[in-house]
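The values are calculated or read from the model by the stated rules, or taken from the named source; none is laboratory data. Small disclaimer: the values here were computed from a predicted structure and weren't measured. No Cβ is skipped: glycine too gets one built from the backbone with ideal geometry, and neighbour counts run over all protein chains shown.
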Amino acid sequence: MLNVAVAAAAAISSSTVSIAHPRTALLCKKINQSKDQAELKSRNDVVFLAQIRSGHCLSFKAYQHLLNAEVDPTCHGCGEGPHTLEHWFLECAGTESTRQDIVGDANPSLEVLTDEPIEKGSADVTDSRCTL
């Protein structure tokens, strides 16, 4: 089942279909299928990483807000922006030290989510400071 999910992601990344959303297009063209297959051990991991990469993850308040207007989309880490993948991973002052620990850079690009999703940092991605 895991190989099917990884193969599906690879098919999307290698397809000639034009992806309109800039973040999704960037991430899909850079997916490292062999790295994902080697490092992602369960279907849940594959699904969760796909949700994070797409921004369609219930862990992000801005996505929850799209589904329920009563949910405040503001980042709970800093209170300064919408709680989206881009804000959490690139901008949030509340996650700066965690980004440094996980990917070895406090100011990474989104491409690190496809090029090197686990290898770079030494921190455990289940670390409590890594709350989405």
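Given the criterion touching a Pro at 6+ places or on another chain (Cβ under 6 Å) and either farther than 20 Å from LEU110 by Cβ or modelled with pLDDT of 75 or more (or both), identify the matching residue among HIS76, HIS65.
Working: HIS76 fails: touching a Pro at 6+ places or on another chain (Cβ under 6 Å).
The unique qualifying residue is HIS65.
Which residues, counting only those in region 49-85, are assigned to a helix (DSSP H, G or I) and crowded, with 16+ Cβ neighbours inside 10 Å?
LEU49, ALA50, GLN51, ILE52, ARG53, LYS61, ALA62, TYR63, GLN64, HIS65, LEU85
Of all the numbered requirements in (1) modelled with pLDDT under 85; (2) farther than 17 Å from PHE48 by Cα, LEU132 misses one, and that requirement is (2). Set side by side, the residues THR114, THR95 differ, and just one is at pLDDT below 80 and not in a loop (DSSP other than H, G, I, E, B), which is THR114. Within region 55-71, the set of residues being within 24 Å of THR114 (Cβ to Cβ) and not polar (S, T, N, Q) comprises GLY55, HIS56, CYS57, LEU58, PHE60, LYS61, ALA62, TYR63, LEU66. The conditions of being closer than 17 Å to VAL112 by Cβ and not small (Gly, Ala, Ser) are met by HIS87.
Of all residues in region 86-98, which are more than 12 Å from the chain's Cα centre (by Cα) and within 19 Å of LEU49 (Cβ to Cβ)? Selection gives THR95, THR98.
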